[in-house]
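Shown next, in structure tokens, is the structure this report addresses.
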Amino acid sequence: MGRMDPHSYTDPDQASTRHMDLELTVDFAARRLRGVVRLDFAEAGSGPVDLDTRDLTIEAVETADGTPLDFHLADPEGFMGARLRIERPAGVDSLRIRYATSPEASALQWLEPQHTAGGNHPYMFSQCQPIHARSMVPVQDSARVRFSYSARITVPRPLKAVMSAAPGEEARGETSSVFSFEMPQPIPSYLLAIAVGNLASQDVGPRSRVYAEPEQLEAAAWEFAEIDRMLLAAEGLFGPYRWDRFDFIVMPPAFPYGGMENPRLTFLTPTLLAGDRSLVNVLAHELAHSWTGNLVTNATMNDFWLNEGFTVWAERRILEALAGEDAVALAAAIGRHGLEEDIQRFGEDSPLTRLENDLAGIDPDEVYSQVPYEKGCLLVQLIEKTVGRQAFDRFITRYMDRFAFTSITTAEFEAFFHEELPGVAEKIGMDAWIHGPGIPANAPVFHSRQLEEITALAASWADGERPDPQVAREWSAELWQIYLQRLPRPISVDDCAWLDQTFSLTDSGNCEILCQWLLIAAASGWEPAYPRIRSFLGSVGRMKYLKPLYTVLHAHERTRAMAAELFAAYGDRYHPIARGGLESILSA
Ligand code: BES
Ligand code: ZN
């Protein structure tokens, strides 16, 4: 049978997982999860079942009552991993697989105590999107398959386990504790998630609690105190929140993304703790995925824009509700700049600049970009602008109702769109947006007076125009981001010195500003910033910052050795996914 997902061995003609039960022990010394997974299928049947695995040791496969079953683990095929084929005897609707993960599991990162905030306890966390769940558990690792799950996780005391599920009992033994979880709503495998560490938590709203290491808990609770206002705004826009609670956790610095929308427990990078709530849009983004992504899910990574494009649109609707239209114009400008950079990087005609993709044979982590996010958002905003807000909000409601708890392809989205809004696709040239490269000319443009002033000021840098210190010291974080993004590079070392002395950019607590500034300083060879570049690369693991900084250091002869030296020193604290990306940058 043909594949329904280019990144999975799941066969749509075979039985489909309905429930997963995990019984795992977290072994920090061996850097392994070990235990048993039980997969329950929709109906009793017979015949082969193909699962995805990556670097797993399969110890035994048996029926629910313990009868051993034959299985075959095929040779691994790169990032796809190895197909596990199990022969299901007639009448069997449940399989148990005894297995262990590898210390190199691509989904898991094991941290030594010194790489945590507290410095005294080890930490382990998962990142399953897009196709890493298979390195944590044998599974039909395709977003078309949805299952509920339950888990019992044994961890050494005094550590705590949390998952993308409702927490249940905690049974404390002498040296270890067992944490129970239940996820009643069906989810795709990429939303499986676990973190284990020295965790504390605090309520930050009637439906929300923040988890973090004790050392960061207070700062985290303050930074994200607006969560309930966001939740209420989101419900007003997209309908009831369907996941009961919205908890979130501030991860150790090695977490490779800004955020990950694990249901009931969003994971967040600690780089969001700016101390002034200036980066909470990432929380709004992950919250928005509770509708766009977790309720209505992309069928495969070819359709990733359905997740991210709609979520960036939704994030900005929340922003508009809380901060107004001007704030949306600034966010759009920041997004558009990042989109144009990525399109330049791929080349304007590159197929990777299309919304719907064909990623067969391509590792989705290697082609991650702003295209599905920002081009996707522009298309959704264009539709909204064309049909008007009222009609569009009605469309969104029907879209949610129609596809809630399912996973859809781009073609299924298009068919629904033509039915619901006849003639609109033709009017806006939706075909070119989805299947063609680049940014079509009818992309919406957002205006704000401040935005126009700042972009004009940045554009006249070369003519000697400089920001008025008194005025610029009052700029918001977004305005600084826009200004720095648009400055030419390199600039002179004297200009670097003036900017830094006047605006203390090297000391910025906002990582977006800091990263933009360090990129300018590195491209300009301004040595006083090098110590901060070193300390920053040693203290963050977020790929959004690591990749451009290593790229610019590697691009210049004078800092190439420094890039190699820093990677040699810090590489082992970066996430396996980040390490892979950086290795290809440094070997270019
Ligand atoms: N789901 C993504 C993160 C992701 C994407 C992980 C693809 C693995 C593969 C998450 O929702 C996300 O988009 N995070 C952004 C936040 C931003 C757009 C506000 C990030 O990490 O920067
Ligand atoms: Zn997202």
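For the reader, a short list of remarks on this structure follows.
- Scanning segment 211-219 finds no residues that are within 15 Å of ligand 1 (Cβ to nearest atom) and buried (at least 21 other Cβ atoms within 10 Å of the Cβ).
- Qualifying residue in segment 244-261 (condition: more than 30 Å from residue 535 (Cα to Cα), part of a loop (DSSP other than H, G, I, E, B), among the hydroxyl-bearing types (Ser, Thr, Tyr) and at pLDDT 95 or above): no
- Any hit, segment 168-186, residues being outside any strand (DSSP E or B) and within 16 Å of ligand 1 (Cβ to nearest atom): no
- Of all residues in segment 506-564, those satisfying the criterion of being in contact (Cβ under 8 Å) with a residue 24 or more places away in the chain, basic (Lys, Arg) and either within 16 Å of ligand 2 (Cβ to nearest atom) or farther than 18 Å from residue 254 by Cβ (or both) are 532, 542, 544, 558.
- Contact map, segment 293-310: first residue within 14 Å of residue 354 (Cα to Cα) and in a helix (DSSP H, G or I), second residue among the aromatic types (Phe, Trp, Tyr) and within 12 Å of ligand 1 (Cβ to nearest atom), Cβ cut-off under 7 Å, separation 6 or more or different chains; pairs are 308/373; 309/373.
- Segment 41-91, residues that are in contact with a helix residue (DSSP H, G or I) (Cβ under 7 Å, 6 or more places away or on another chain), assigned to a strand (DSSP E or B) and of a type in the set (Asp, Glu): 52
- Single match in 321, 333 (criterion: more than 13 Å from ligand 2 (Cβ to nearest atom), buried (at least 23 other Cβ atoms within 10 Å of the Cβ) and within 30 Å of residue 228 (Cβ to Cβ)): 333
- Scanning segment 496-525 for residues that are in a helix (DSSP H, G or I), surrounded by fewer than 17 Cβ atoms within 10 Å (Cβ to Cβ) and in contact with a helix residue (DSSP H, G or I) (Cβ under 9 Å, 6 or more places away or on another chain) yields 497, 502, 507.
- Sole exception among (1) more than 26 Å from residue 172 (Cβ to Cβ); (2) assigned to a loop (DSSP other than H, G, I, E, B); (3) out of contact with any His (no Cβ under 8 Å at 6 or more places or on another chain) for residue 121, by number: (1)
- Matching entry among 264, 317 (being more than 13 Å from ligand 1 (Cβ to nearest atom) and closer than 30 Å to residue 117 by Cα): 264
- Of all residues making up segment 280-296, the number that are more than 9 Å from ligand 1 (Cβ to nearest atom) and surrounded by fewer than 24 Cβ atoms within 10 Å (Cβ to Cβ): 4
- Selection count where residues are part of a strand (DSSP E or B) and of a type outside the set (A, V, I, L, M), scope segment 201-227: 7
- Which numbered condition residue 169 fails, given (1) in contact (Cβ under 8 Å) with a residue 60 or more places away in the chain; (2) touching a Ser or Thr at 6+ places or on another chain (Cβ under 8 Å); (3) more than 15 Å from residue 252 (Cα to Cα): (1)
- Checking 270, 256 one by one, the residue that is within 15 Å of ligand 2 (Cβ to nearest atom) and closer than 26 Å to residue 131 by Cα is 256 and no other.
- Test: residue in segment 122-145 that is free of Cβ contacts under 8 Å to residues at least 40 places away in the same chain and either in contact with a Leu (Cβ under 9 Å, 6 or more places away or on another chain) or closer than 24 Å to residue 255 by Cα (or both): no
- Candidate set: segment 277-292, residues that are away from ligand 2 (no atom under 14 Å from the Cβ) and free of Cβ contacts under 8 Å to residues at least 60 places away in the same chain; chosen: the one farthest from residue 249 (Cα to Cα): 277
- Among the candidates 208, 180, 189, the residue that is at negative phi and touching a residue at least 60 places away in the same chain (Cβ under 8 Å) is uniquely 189.
- Condition check for residue 357 on (1) buried (at least 20 other Cβ atoms within 10 Å of the Cβ); (2) in a helix (DSSP H, G or I): one failure, at (2).
The values are calculated or read from the model by the stated rules, or taken from the named source; none is laboratory data. For clarity, every value in this text was computed on a predicted model and none was experimentally measured. As a convention, Cβ positions derive from the backbone with ideal geometry for all residues, glycine included, and neighbour counts pool all protein chains shown.
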